[in-house]
Amino acid sequence: MQRKTPPTPVVRCLSGPDLELLERAAVRRGVRDTLIVHLLSRLGLRVGELCGLRMDDAYDLTTGAVLPFIHVRKESAKRGQPRDLPTPVAVRGLLTDYLQAYYKLNPAPTPTSPLFIGRKTRAAMQDRDIQRLVTKLGQVALRRRVWPHMLRHTFATSLIRSTDIHTVRTLLGHRRLESTGIYLHTDSERQRDALNRAFGDAANGDRKTH
C-alpha cells in the first residue's frame, strides 16, 4: 500500500508593496510599533521571542549604544535555541530613536527591563498585545487579516531568494532543515507562476510545435 505524502504547509506572507503599506501604518503609530513590525518582518522574530527581549539584548545601557545584534535568549526562543541576529541599518536607526522614547516611559531602565512596554501600563507587552497590534495594522493598511507569524514568513520567503537555506535556517532559529524547506517550496511556486504568466502553456511542458 502506497504511503500518502503529507501536504506541504501553506505559507502565507505579504508582498513587498503590502509590507510597505503595513510599515507606513506602523510609522503613523510611533517608533515603538514601527520597531516591532521591523523586528518581525526584517529579522523574523517569533512573537514570544519579541516579548522576551530585554534592554540588554539590544543596548549597552552604560553608553546608550545600540548593539550590533539582537540577542534572542534561550528562555524565550523556541526549543531553547538562542541566537544573535545582526541588525540591519534601518533597524539600528529605529533602535536609536526608540531608546529616547523609552526613557520617557521608564527614565531608569535596568539591563533586565523589558524592551517593549505598554504606553499606559508601563508593563512588559505580552503575546496578545503584539497580536492585537499587527491585526489592527493589517486592517488599517490592507483591509485584511494579518498576524505576526505572517511577517516571519515574509522575512523567510524574501531571504531564501538571496542566500542559502542553511543561512536562513540559522537566522530563523530552526533546529531541523526540513522546517526551513517549506520556504523553498514557496519560492518554487512563485517561479512557476512567473513562468506561467510569461510563457503560458510552455511552462507546464505543453509547448506546441509548429
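If I ask for residues that are surrounded by 15 or more Cβ atoms within 10 Å (Cβ to Cβ), more than 19 Å from GLY118 (Cβ to Cβ) and in contact with a strand residue (DSSP E or B) (Cβ under 9 Å, 6 or more places away or on another chain), which ones from the range 38-70 would you list?
Within the range 38-70, LEU43, GLY44, ARG46, ASP56, TYR59, VAL66, LEU67, ILE70 qualify.
Tally time: how many residues in the range 107-152 are touching a Phe, Trp or Tyr at 6+ places or on another chain (Cβ under 9 Å), surrounded by fewer than 19 Cβ atoms within 10 Å (Cβ to Cβ) and part of a helix (DSSP H, G or I)?
3
With the structure loaded, tell me whether HIS185 is surrounded by 11 or more Cβ atoms within 10 Å (Cβ to Cβ) and either modelled with pLDDT of 75 or more or in contact with a strand residue (DSSP E or B) (Cβ under 6 Å, 6 or more places away or on another chain) (or both) or whether it fails that test. Talk me through it step by step, then tell me what you get.
Working: surrounded by 11 or more Cβ atoms within 10 Å (Cβ to Cβ): yes; either modelled with pLDDT of 75 or more or in contact with a strand residue (DSSP E or B) (Cβ under 6 Å, 6 or more places away or on another chain) (or both): no.
No; evaluated as a whole, the condition is false for this residue.
Only one residue in LEU67, LEU22, LEU95 is closer than 22 Å to LEU159 by Cβ and over 18 Å from the mean Cα position of the chain (by Cα). Which one? It would help to see each step written out before you state the result.
On the way: LEU22 fails: over 18 Å from the mean Cα position of the chain (by Cα); LEU95 fails: over 18 Å from the mean Cα position of the chain (by Cα).
Every option except LEU67 fails the conditions.
Among the listed residues THR34, THR112, identify the single one that is β-branched (Val, Ile, Thr), under 16 Å from the mean Cα position of the chain (by Cα) and at pLDDT 95 or above. Spell out how you get there, then give the answer.
Numbers: THR112 fails: under 16 Å from the mean Cα position of the chain (by Cα).
On inspection, the qualifying residue turns out to be THR34.
If I ask for residues that are within 24 Å of LEU19 (Cα to Cα) and buried (at least 18 other Cβ atoms within 10 Å of the Cβ), which ones from the range 91-106 would you list?
Listed by number, the residues that qualify are VAL91, LEU94, LEU95, TYR98.
The values are calculated or read from the model by the stated rules, or taken from the named source; none is laboratory data. Source: prediction; values computed, not measured. For neighbour counting, all protein chains shown are included, and Cβ atoms are generated from backbone atoms with ideal geometry for every residue, glycine included.
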